[in-house]
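Here's the structure we're looking at; comments come further down.
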Amino acid sequence: MADSVSSEEVAVISNTDITSTESENNIINTMVERGTALLRKLEINVAEAEKRTGKNTVNMQETYTVYLIEIRPAETEGGTPAAPDTLWRRYSEFELLRTYLLVTYPYIIIPPLPEKRAEFVWHKLSADNLDPDFVERRRVGLENFLLRVASHPVLSNDKIFFLFLTEEKGWRDAVLETGFQDKADSRLKSLSAMFRVKNPDKRFTALKQYSDELNSVISQLLRIRARVADRLYGVYKVHGNYGRVFSEWSAIEKEMGDGLQSAGHHMDTYAASIDDILEEEEHFADQLKEYLFYTDAVRSVCRKHELIQYELEMAAQDLAQKKQQKEELATGTMRIFSLKGMTSKLFGQESPEQKESRLAALEQSIQEGEETVKEKNTECQEFVRAAWDDIEHFKEQKDKDLREALISYAIMQISMCKKGIQVWSNAKECFSKM
């Protein structure tokens, strides 16, 4: 799998530089395989978000956000960019698309959507899902989701996904007509399989454990980052107090006034920069959150495997019971207590014709059971093969993305510290000139 990926043209949309002119390139951190047919043909963007007001399904007035999806040909004749085709989608439509993909491709780690409501917020960050800054970050996350799906060798070829990008009105009917909702496994059924499967695949068990641990680690990292953001915000704003005090002090000094005023100006500028810095930090946090939500997608694949394995074990158990019944009927011996055995003892044995009829029915049932076991075994093997190919692809993507995100975060922290040193160096120079 790794060889096939490396042979294609791969572009990592991420940037460890944090200069202001390139900061927007730092928002999206995704691996796009240009070898995917869809991305060779189309460029996909979520260009903007718009707040709207309307009535919901129960005829109540509500305010919601819609997102403008733009697609255009990746290559055009003459080098002139073609006008994009556009349509608007609500977040709930993205949710419907992802649910469809989860059910239709249970062996694939489906890319997650950005959070519906802000999590791991610090005190100055709004948790309102209509807050402009939050909506902008979610717009970026939705674009990242579409690029993730469009870069996947299987998902990118899905007809419903293509209709999502191109048909504004007919898409919902098309996805519902697939009947995917009837194929969805019930939560109770999945839980039953998880606790009752006898021979779980050790690879999937280890993967599920790793997913749980990764979820825990990223959650802790995000909580710590939120606490640090709170403290950092306070430190920067204290510099604003320095600036105010130096400016007030300069008013009562003659020879020292200019130096104090200049030092106060440096402190004010430094204090004001924290809002942009922490907003930039939120984009790095969103990259971590994506993999926090990815852990749910990994567990979903593991749960599906458990369910398929459980169904295989139940089919094999049912077949074994039927074969035992046939053997007992043919030999006239009962290995275990049964109601049928007690009935035979109380009311006499079956006639040869009845016995022959039951044997024929059991033989037919055994043949059907063997076919079922064969089908379930093939289904399980194919699921493991397809799922493990996708898991290997995901691992490669995860390592590359998280490495890029953490390096970018470290560089940003270094830059912040350098700015702090520069501010105090400037203040020292101001004081020296007094």
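The values are calculated or read from the model by the stated rules, or taken from the named source; none is laboratory data. Predicted model only: the values in this text are computed from it and were never measured. All Cβ positions, glycine included, derive from the backbone under ideal geometry; neighbour counts span all protein chains shown. Please note that ligands, DNA and RNA were not included when accessible areas were found on the heavy atoms of the full protein model with its side chains. Shrake-Rupley method; radii C 1.70, N 1.55, O 1.52, S 1.80 Å.
What to note about this one:
- Against the compact-protein benchmark of 2.2 N^0.38 Å, the Cα-based radius of gyration of the range 166-294 scales to 1.99.
- Cβ-derived FRET efficiency at R0 41 Å, ARG299 paired with ARG244, nearest 0.05: 0.20
- Simple label model, 7 Å out from Cα along Cβ direction - ALA82 to GLU371, nm: 4.9
- When you count the other C-beta atoms within 10 angstrom of each residue and take the mean per peptide, 248-256, 105-113 line up highest first as 105-113, 248-256.
- Distant-in-sequence amide H partners of LEU87 (H built 1.01 Å from N, under 5 Å): ILE69
- Cβ crowding within 10 Å averaged over residues, with 276-284, 416-424 ranked highest first: 276-284, 416-424
- Using the average count of surrounding beta-carbon atoms within 10 Å as a protection proxy, the listed peptides 225-237, 172-184 rank, highest first, as 225-237, 172-184.
- Fully extending the segment from GLN413 to ARG227, taken as 0.36 nm per residue of separation minus the present Cα-Cα distance, adds 65.4 nm.
- Phi angles across the range 291-299 convert, under the Karplus curve 6.51 cos²θ - 1.76 cosθ + 1.60 with θ = phi - 60°, into 3J(HN,Hα) values of 7, 4, 6, 4, 4, 5, 5, 5, 5 Hz, Gly and Pro given as x.
- Taking all protein chains into account, the per residue accessible area for the range 206-333 stands at 48 Å² (1.4 Å probe).
- Here the simple spin-label model places points 7 Å from the Cα toward Cβ, and for ILE252 and VAL217 these points are separated by 5.6 nm.
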